[in-house]
Amino acid sequence: MGSFSRGNTYGFQWRGLVPPAIKTLLIACAAVFVFKTFLEVAFQPQVVGAFFHYFGLVPFAVVHGYIWQLGTYIFLHDSIWHLLFNLLFLWMFGKDLELTWGKRKFYFYFFLCGIGAAVINVAVKAVLAAYGIGSLVTAPTIGASGAIFGVLIAAALVFPQQQVWLIPFPVSIPMKFYVLMIGAIEFYFTLATPGDGVSHVCHLGGMLVGYLYLRRGSFLYNFRNVFTDWKRRRLRKKFEVYDRDHRDKPPSRPDNWVN
């Protein structure tokens, strides 16, 4: 019987295309969407509404003890397009991050940004409600966009010069400028269209949390350097005062030197 060696065969590496953490997040979001679709088909719309209000992000519910909403809202999506766009952006900008950081660090960062975005969203609405602007009883915020915007800012910091195509235009720009443009657009829509049904505050909150987390070391280094420079200036002044006071004084016993 004939035989052949498999040593020179090459297979497509799916692990590099869809890393494990991103694959798990994609499956989880898709599974929750399928379950939501089943509820829509099998039950009355009130059941789906209750499902969203129980697991989506509702500020009034969060401040009254529904803390799990800070994390569960990430996996809920309203439409197939909402789901597909979020999963596409998560894969596009998160793949290289996970391959660079590893699964555990990527998981931690993703949920840090998602939960942090939710906390900022609740805090902003609570402050506005205290001044009579809006209310804590709102439609639930759903979707992984807050966490994904945190992934975007991480991609800009870790791979600032990586080229990004501006679809559908045949133009590419560095990642840092692309993410800066996305952030500016979100900030504009936060002020210009506050009632468009999109939680721009949540998006910006995810970017802010991710930026502060990734740059925390530089903030500490800057504080340490400022403190160190202050100590050096203080010691230099003390030395100058001591040198000026003892510059013209002869040794107390010039005939007795200790070698």
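The values are calculated or read from the model by the stated rules, or taken from the named source; none is laboratory data. A quick note: this is a predicted structure, and the numbers were derived from the prediction, not measured. Every residue, glycine among them, receives a Cβ derived from its backbone with ideal geometry; neighbour counts consider all protein chains shown. Protein only, heavy atoms only, side chains kept; ligands, DNA and RNA dropped before computing areas. Shrake-Rupley method; radii C 1.70, N 1.55, O 1.52, S 1.80 Å.
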**Prompt:** If the Cβ limit is 7 Å and pairs must be 6+ apart or interchain, which residue in the range 55-68 that is under 20 Å from G134 (Cα atoms) and assigned to a loop (DSSP other than H, G, I, E, B) pairs with which residue that is open to solvent by less than 70 Å² (accessible area, probe 1.4 Å) and among the aliphatic types (A, V, I, L, M)?
**Reply:** G56/L76; G56/I142
**Request:** State which residue is modelled with the highest pLDDT when the search covers only the range 186-208 and only residues that are outside any helix (DSSP H, G or I) and surrounded by fewer than 17 Cβ atoms within 10 Å (Cβ to Cβ).
**Result:** V198
**Message:** Tell me yes or no: at least one residue of the range 44-54 is assigned to a helix (DSSP H, G or I), open to solvent by 60 Å² or more (accessible area, probe 1.4 Å), closer than 16 Å to I142 by Cβ and in contact (Cβ under 8 Å) with a residue 60 or more places away in the chain.
**Reply:** yes
**Prompt:** Do we have any residue at all in the range 169-188 that's of a type in the set (S, T, Y) and within 14 Å of the chain's Cα centre (by Cα)?
**Reply:** no
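The rows are residues; the columns are (1) part of a helix (DSSP H, G or I); (2) touching a Leu at 6+ places or on another chain (Cβ under 9 Å); (3) farther than 25 Å from F33 by Cα; (4) in contact (Cβ under 8 Å) with a residue 40 or more places away in the chain.
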| site | (1), (2), (3), (4) |
| --- | --- |
| W81 | yes, no, no, no |
| K95 | yes, yes, no, yes |
| L99 | yes, no, yes, yes |
| Y109 | yes, yes, no, yes |
| K125 | yes, yes, yes, yes |
| I133 | no, no, yes, no |
| P170 | no, no, yes, no |
**Asked** Looking at the range 96-119, which of its residues are among the hydroxyl-bearing types (S, T, Y) and surrounded by fewer than 16 Cβ atoms within 10 Å (Cβ to Cβ)?
**Response** T100
**Request:** Kindly indicate the residue of the range 142-170 that is out of contact with any helix residue (DSSP H, G or I) (no Cβ under 6 Å at 6 or more places or on another chain) and of a type in the set (V, I, T) and also farthest from H77 (Cα to Cα) among those meeting that condition.
**Result:** V158
**Request:** Please find, among F85, F177, the residue that is closer than 23 Å to L17 by Cβ and either assigned to a helix (DSSP H, G or I) or of a type outside the set (D, E, K, R) (or both).
**Result:** F85
**Prompt:** Out of (1) open to solvent by 40 Å² or more (accessible area, probe 1.4 Å); (2) aliphatic (A, V, I, L, M); (3) out of contact with any helix residue (DSSP H, G or I) (no Cβ under 6 Å at 6 or more places or on another chain); (4) under 19 Å from V137 (Cα atoms), what's the single condition that is false for V41?
**Reply:** (4)
**Prompt:** Checking C29 against (1) open to solvent by 50 Å² or more (accessible area, probe 1.4 Å); (2) modelled with pLDDT of 95 or more, which single condition isn't satisfied?
**Reply:** (1)
**Message:** Take the conditions over 18 Å from L180 (Cβ atoms), touching a Leu at 6+ places or on another chain (Cβ under 9 Å) and open to solvent by less than 60 Å² (accessible area, probe 1.4 Å) and apply them to G143. Does it pass?
**Reply:** yes
**Request:** Would you mind stating whether L166 is farther than 20 Å from L26 by Cβ and of a type outside the set (S, T, Y)?
**Result:** yes
**Fill in**
Considering the range 125-140, residues that are of a type in the set (A, V, I, L, M) and closer than 24 Å to F51 by Cα, and then whichever is surrounded by the most Cβ atoms within 10 Å (Cβ to Cβ), we arrive at L136
